[in-house]
1. For the condition open to solvent by 40 Å² or more (accessible area, probe 1.4 Å), under 23 Å from the mean Cα position of the chain (by Cα) and at pLDDT 90 or above, what is the one hit in ALA547, ALA539?
2. If you scan segment 482-509, which residues turn out to be hydrophobic (A, V, I, L, M, F, W, C) and open to solvent by less than 40 Å² (accessible area, probe 1.4 Å)?
3. Looking only at segment 246-273, how many residues end up being within 16 Å of the ligand (Cβ to nearest atom) and of a type in the set (Asp, Glu)?
4. Between a residue in segment 305-319 that is basic (Lys, Arg) and any residue that is at pLDDT 90 or above, which pairs come within a Cβ distance under 6 Å, given they are 6 or more apart or on different chains?
5. Is it true that some residue in segment 473-490 is more than 24 Å from GLU164 (Cβ to Cβ), assigned to a helix (DSSP H, G or I) and modelled with pLDDT under 95?
6. Out of curiosity, is GLU524 touching a Ser or Thr at 6+ places or on another chain (Cβ under 9 Å) and either of a type in the set (Asp, Glu) or in contact (Cβ under 8 Å) with a residue 24 or more places away in the chain (or both)?
7. Would you confirm whether or not segment 224-234 contains a residue that is open to solvent by less than 10 Å² (accessible area, probe 1.4 Å), closer than 25 Å to THR331 by Cβ and more than 16 Å from the ligand (Cβ to nearest atom)?
8. Here is a list: ARG423, ARG406. Which entry is among the basic types (Lys, Arg), in the same structural domain as GLY476 (by TED's automatic domain parsing) and surrounded by fewer than 16 Cβ atoms within 10 Å (Cβ to Cβ)?
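The values are calculated or read from the model by the stated rules, or taken from the named source; none is laboratory data. Note that this is a predicted model, so its numbers are computed, not measured. Using ideal geometry, Cβ is built from the backbone for each residue, glycine included, and neighbour counts are taken over all protein chains shown. Calculation scope for accessible area: heavy atoms of the full protein, side chains included, ligands and nucleic acids excluded. Shrake-Rupley method; radii C 1.70, N 1.55, O 1.52, S 1.80 Å.
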Amino acid sequence: MGGGLGNAGPVLGALTAALLLALSRKKKKVKEEEAVVAEAEEDYYVSADTVGAVKPVDLQWSNLSCSLLEKHGKHVKYLLNNVSGEAKAGHLLAIMGPSGSGKTTLLNVLAGQLNASPRITLSGYLYINGKPLVSSTHKVAYVRQDDLFFSQLTVRETLSLASELQLSSSLSHEERKQYVDNILYRLGLVSCAESRVGDAKVRGISGGEKKRLSIACELIASPSVIFADEPTTGLDAFQAERVMETLQNLAIDGHTVVCSIHQPRGSIYAKFDDLILLAEGSLVYAGQAQDQALSYFSKLGHPCPQHVNPAEFFADIISVDYSSPDNESKTRKRLDSLVEAFRKQSSEVLSDVSIQKQDAIGVFKPSGRRAIATGSKKIGWWKQFRLLLKRAWLQTTRDGPTNKVRANMSISSAIIFGSIFWRMGFLQTAIQDRMGLLQVAAINTAMAALTKTVNVFPKERQVVDRERAKNSYALGPYLLSKLIAEIPVGASFPLMFGTILYPMAGLNTALTRFGQFCGVITMEAFAASAMGLTVGAMAPTTEAAMALGPSLMTVFIVFGGYYVNSENTPAFFRWIPRVSLIRWAFQALCLNEFRGLKFEHQNSYDLQTGEQALERMSFGKSTIKEAIIQEGRILLFWYWMSYVLLKRNKPKFQKLELPSPNESSVKIEELNE
Ligand SMILES: Nc1ncnc2c1ncn2[C@@H]1O[C@H](COP(=O)(O)OP(=O)(O)OP(=O)(O)O)[C@@H](O)[C@H]1O
């Protein structure tokens with residue numbers, strides 16, 4: 001034994017030394033990474049004393065390729081094929097092309113937010129102000145196509161909350177307020193500042209205002225680069241013009257603005273400084289948007305007729321017409337020749353661009369505006385919790401239409417069940433009625449809470465996912481604030497239901513029994529709501545969650561204690577009643593109701609007491625306390641599951657790999673030569 005230990009000594013020593021060496025290497029690596037982050041943050045953040053400055057950022061990319069392995073694994077589809085270009089500080093760059101040409105993909109790649117997939121391969125070079133991009137520190141604003149907000153908050157509240165979550169905690173309340181006012185003014189949102197954002201149920205601000213609010217929320221963090229994916233989609237001509245004017249002004253203020261856009265009208269096209277034309281993932285043109293683009297195509301034998309909107313002209317010449325085989329082959333040939341022509345010219349056009357780039361470096365000062373102050377000092381857990389609690393509270397309590405529907409449902413179902421089980425009495429037949437009513441009450445309460453949550457949460461999750469992708473807050477304070485804010489409103493509906501049903505059905509008259517009845521169904525409602533959160537965190541859409549939630553609940557209903565006696569449950573399914581929130585609620589309600597009751601009886605086989613009825617249900621040996629503890633465990637389990645799933649499902653983005661040597665025909669160094 002001693003010899004064994006003696007041999008183990010040197011081995012343990014070597015292991016310890018190796019561990020220490022690995023730790024010190026890791027420490028060194030973390031320090032190096034922190035230094036890179038700090039250097040990059042210096043590039044991206046303006047401090048409180050350089051308020052109003054926008055550090056110019058030029059983005060350059062080359063040989064960007066994005067390929068997708070088709071489902072059967074046989075074909076590879078190129079979403080982007082060797083795309084190169086540049087977005088300059090102070091310029092508005094438009095990415096145009098037919099539907100499916102890769103505009104959104106390119107925008108996602110440039111923003112570092114292409115959703116990760118094992119079927120996608122992404123490679124290329126991305127540079128910021130001539131330096132290779134450090135992905136984790138690349139601070140950008142990304143205005144998505146769909147505008148998602150907490151619908152019950154006003155425009156000002158939405159922006160104020162975003163500013164509190166994203167701005168440095170060292171800013172005073174006054175500075176923060178002034179900052180929000182500036183953004184409201186800058187984006188033309190002053191007139192609707194006190195209006196609620198609204199949603200499909202309640203009309204709020206207009207589509208254009210929503211888009212500008214999306215831009216405003218992104219501007220809070222003072223980004224140098226702003227990406228906008230089809231910012232005019234779904235807007236009327238006037239609103240589209242105003243949104244594009246906003247983006248143009250941001251470019252004039254020194255931001256680098258890149259947007260994808262579908263067939264803009266002439267006045268919008270006139271605002272573009274630079275243009276990228278994509279077709280089937282390949283570049284057809286990249287360079288200046290106005291005269292240079294027109295003369296480029298003119299030289300290739302495609303002059304733009306007078307008084308024709310250049311955007312429409314480009315769309316016509318780069319689209320493939322599938323109306324007949326002849327037209328398809330003709331238009332495809334034209335497109336192939338345009339792609340080939342640009343490939344040949346690209347180094348020439350891009351070297352022009354890189355020469356101009358040198359002039360753009362230096363600090364921009366926007367025209368006398370006190371604007372953006374950010375810092376990397378994040379707010380703490382407790383402050384995040386307080387802010388999120390306020391938001392969750394406003395969202396829950398102000399949602400009149402939803403709360404009204406829930407109240408109506410609770411009251412009407414209580415009246416219906418109360419009428420069916422009217423004053424049940426103490427005959428033998430009333431034993432079955434009582435059990436039926438208690439089971440129905442348990443199912444109704446759970447279903448109402450579940451459907452409300454699965455209907456609302458998947459949409460909310462999309463907003464939260466986006467905010468968490470920006471690292472605005474942690475998951476813990478979010479979930480806890482949601483839970484606490486929903487307690488008063490969430491509890492009021494089961495209480496309404498119980499208060500009406502209880503006297504109508506003539507349940508046990510003791511006041512403590514009534515209190516326990518309400519307590520059990522309220523707790524069950526929260527457990528069902530927590531289960532709804534898990535379903536919402538798991539399902540990709542509201543529709544999927546609506547299909548999954550009730551199906552899962554049906555299993556718990558079947559094993560809810562009424563339909564299958566727990567002693568007759570097949571061994572394989574025994575675990576289901578133990579985790580069924582319906583079963584424990586039903587059991588607690590039965591124990592609460594039947595204990596101490598006496599029933600009228602004529603025959604020797606009749607049940608005389610409530611205890612005997614409980615024996616028949618196999619509930620005789622348990623207590624209300626045990627049932628409530630089990631229900632509490634189920635509640636905590638579903639909250640924990642929601643936390644784990646939300647944490648695991650945090651959006652992941654595709655990593656940009658370096659191209660393989662034979663793929664990279666043009667490297668960034670060559671572009672600069
Ligand atoms: N994750 C993905 N899985 C499968 N196909 C994808 C994926 N991402 C993009 N695509 C395909 O890649 C092509 C380019 O898509 P992308 O959304 O970038 O085009 P787009 O030019 O923005 O189109 P639109 O103008 O219609 O929004 C499309 O054919 C699209 O179906």
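1. Sole residue among the options that is open to solvent by 40 Å² or more (accessible area, probe 1.4 Å), under 23 Å from the mean Cα position of the chain (by Cα) and at pLDDT 90 or above: ALA547.
2. Residues satisfying the conditions are ALA485, VAL489, ALA491, PHE493, PHE497, LEU501, MET504, ALA505, LEU507.
3. The qualifying residues number 0.
4. Once the first residue is basic (Lys, Arg) and sits in segment 305-319, no partner that is at pLDDT 90 or above comes close enough.
5. Yes, some residue in segment 473-490 is more than 24 Å from GLU164 (Cβ to Cβ), assigned to a helix (DSSP H, G or I) and modelled with pLDDT under 95.
6. yes
7. no
8. Sole residue among the options that is among the basic types (Lys, Arg), in the same structural domain as GLY476 (by TED's automatic domain parsing) and surrounded by fewer than 16 Cβ atoms within 10 Å (Cβ to Cβ): ARG423.
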